[in-house]
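Data block below; observations after.
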Amino acid sequence: MTVLGNSSAPTTPDEPTMRAALLRGCRAPSVHNSQPWRWFFDGARLHLFSDPERQLPVADPEGRQLVISCGAVLDHVRTIFAALGWHTDVVRLPDPDHPDLLATIEFRLWEDPATGSTVHAAAIERRYTDRLPMLIPERWDAMTPVVLREMAATHDVDLDMLPDSARARLATASEQSAALHRYDMEYQTELRWWTGHDRPADGIPPAALPTETELARVGVARSFPPVRHPAHRAEAIDQSYLILLSTAEESPLQWLRTGEALSAILLECTVAGWATCPLTHITETSAGRALLQGFTTNRGNPQVLLRVGTAPENDRPPATPRHPLTEVFTEHP
């Protein structure tokens, strides 16, 4: 490939750049921090695969949340490459005979990348999931929903701001979801496998989980195994805003695009100084999805609920662990 008339210009990132970009990009969020992705570089193209061994067969039997998680890492990685001066051309679901191959990336040098790429790439290190009560997002104005909605639309995803009146109904849906699964031993075993342990490479550690008291003050939140640690944020009641991402259709491609949109919105919120918490537990049940559908644009398919708020700068959980790059990335010998 000749780039800008210079036949000696590189056509792909060098090995250190490739590895650094993937290492940072894999800070992307995933359901239960399962990190269900694998990367393969064939010498010219970078391929993203889902990892079925990290799927949640009870909570996510169709692999919807798995693919959404992979969409988030795809956008994170592309954002970093853009900040490093590489344009990424993506073919999504390129091979129907290999449904675990979710995307193939080709590279082009990009002398004038999008202005937001650098700040969004820098935000990856600061983004985290905040499961505690939040305050109203500061400096939120009428333009913010418009900007976020436009960002989602570039991925063919609808974004809706939920009214305050929805909070009580969604809190009830959260309680119903927890009650539905309370005596489901397979569900509880899976949940406890991924959460509440200080594992070195994946899962959600106890320090990142809310106590039962804190959970009650959030309301719209997933129920986790009980943990004990010092109280946080006194008696604050959650005042975060609720955002819903939905799609016109229900398909792996739409799930992948949902993850990409989620990533872009999370990074935009991080740049603005807000805390975020993606929620998928309500969409695990048909009743929850039916409830959320009433808030969607054009009666779409609810995919992810997102809390956005303000959190104290000095009161955030430690970073959740990640797998070493050697476990998620391989190269053509």
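Sparse packing (at most 15 other Cβ atoms within 10 Å of the Cβ) combined with a DSSP loop state is found for the following GluC sites (Glu not before Pro) in region 82-167: Glu111, Glu125, Glu138. Evaluating kT/(6 pi eta Rh) at 25 °C and 0.890 mPa s, with the Kirkwood radius of region 135-189 over Cα pairs in the Stokes-Einstein relation, gives 171 µm² s⁻¹. Kirkwood's formula applied to the C-alpha pairs of region 15-125 gives a hydrodynamic radius of 14.4 angstrom.
Note on the chain: Cα Rg divided by 2.2 N^0.38 Å, N the number of residues, gives 0.98.
When both region 260-333 and region 233-256 are represented by their alpha-carbon centers, they are found 7 Å apart. Annotation note: GluC sites (Glu not before Pro) in region 225-284 located in DSSP loop regions with a Cβ neighbour count of at most 11 within 10 Å are Glu235, Glu249.
Summing Lys and Arg as +1 and Asp and Glu as -1 over all other residues whose Cβ lies under 11 Å from the Cβ of Val147 gives a net charge of -2. The alpha carbons of region 97-203 stretch over 56, 42, 33 Å along the principal axes, in descending order. At q = 0.30 Å⁻¹ the log10 of I(q)/I(0) for region 53-105 amounts to -1.15, computed by Debye summation with a single uniform scatterer per C-alpha, solvent ignored. Each Cα pair under 8 Å and six or more residues apart adds its separation to the average, and for the chain the resulting relative contact order is 25 percent. Its alpha carbons considered, region 29-83 gives a radius of gyration followed by a Dmax of 12.0, 38 Å.
Backbone phi angles across region 73-79, fed through the Karplus curve with coefficients 6.51, -1.76 and 1.60 (θ = phi - 60°), yield HN-Hα couplings of 5, 4, 5, 4, 5, 4, 4 Hz in residue order; Gly and Pro are listed as x.
Candidates Trp86, Thr276, Leu135 compared by Cα position along the dipole of the chain: farthest toward the positive end lies Leu135, with charges placed on Cβ.
Given in Å, the Rg to one decimal and the Dmax to the nearest whole number for the Cα atoms of region 143-309 are 16.1, 45.
Any read-out appearing in this document is the output of simple, stated calculations on the displayed coordinates, not a laboratory observation. Owing to the predicted nature of the structure, the values given are computational and were not obtained by experimental measurement. Glycine gets a Cβ as well: all are built from the backbone with ideal geometry, and neighbour counts include every protein chain shown.
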